[in-house]
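Okay, so here's the structure we're looking at.
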Amino acid sequence: MNSEKKAVDNIVDAIFRALTQNPRTVRRVQQILIFTFIALIIFDLFLAILPPEGDTISQIIQRSTEEGLFVLCYLWGVLGSHFFLAHKGKKLLPELLGVTLILAIAVLIFFLDNRSLIDFETTAGNQLQLMYLVDLLTGLVLGRLFWPQRYPHLGKKN
């Protein structure tokens, strides 16, 4: 089991070194991301200018989540912290246990979701946004604690 983990770590390190030490690959990934970002902005502006109103990407996402599940914000926070908040230290929990805890909390949030108690018509927009923000931040913190992305080579000079 330990040799398998070392083999996977070696493969990940080799891929990381190959991607970061090859400026051509890094440049290509940057170009793809920048192009995608600019294309989405132009497409959203294009949709905002043309009729019918209310069909931009941001408006569709907003309508879809206004009465959505609070657990989605929690899961978005967990995924955000997993993919974008790397660290070089040891993990707090084994990965399987951490993911199990995160999913158990998500199930609790899903079943304890009292959307039936919230009147979305009369609830002030700021209160609703605050509830979504609390779920997002909870997901960020718990994702960082229980399911972090570990990069042992952070801070090392090649």
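The values are calculated or read from the model by the stated rules, or taken from the named source; none is laboratory data. Note that this is a predicted model, so its numbers are computed, not measured. Quick reminder, even Gly has a Cβ in these numbers, built from the backbone with ideal geometry, and neighbours come from all protein chains shown. SASA here: full protein model, heavy atoms, side chains in, ligands and nucleic acids out. Shrake-Rupley method; radii C 1.70, N 1.55, O 1.52, S 1.80 Å.
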Inset, instruction - Looking for whichever is surrounded by 10 or more Cβ atoms within 10 Å (Cβ to Cβ) and either at pLDDT 80 or above or outside any helix (DSSP H, G or I) (or both) here; the options are Leu130, Leu93. Which one fits? - result: Leu93
Inset, instruction - Could you tell me which numbered condition Leu136 fails, if it satisfies all but one of (1) closer than 30 Å to Ile42 by Cβ; (2) under 18 Å from the mean Cα position of the chain (by Cα); (3) at pLDDT below 75; (4) not aromatic (Phe, Trp, Tyr)? - result: (3)
Inset, instruction - Among residues belonging to segment 14-58 that are acidic (Asp, Glu) and either in contact with a Pro (Cβ under 8 Å, 6 or more places away or on another chain) or in a loop (DSSP other than H, G, I, E, B) (or both), point out the one that is least open to solvent (accessible area, probe 1.4 Å). - result: Asp55
Inset, instruction - Check Asp44, Asp13, Asp9 and return the single one that is under 30 Å from Ile60 (Cα atoms) and among the charged types (D, E, K, R). - result: Asp44
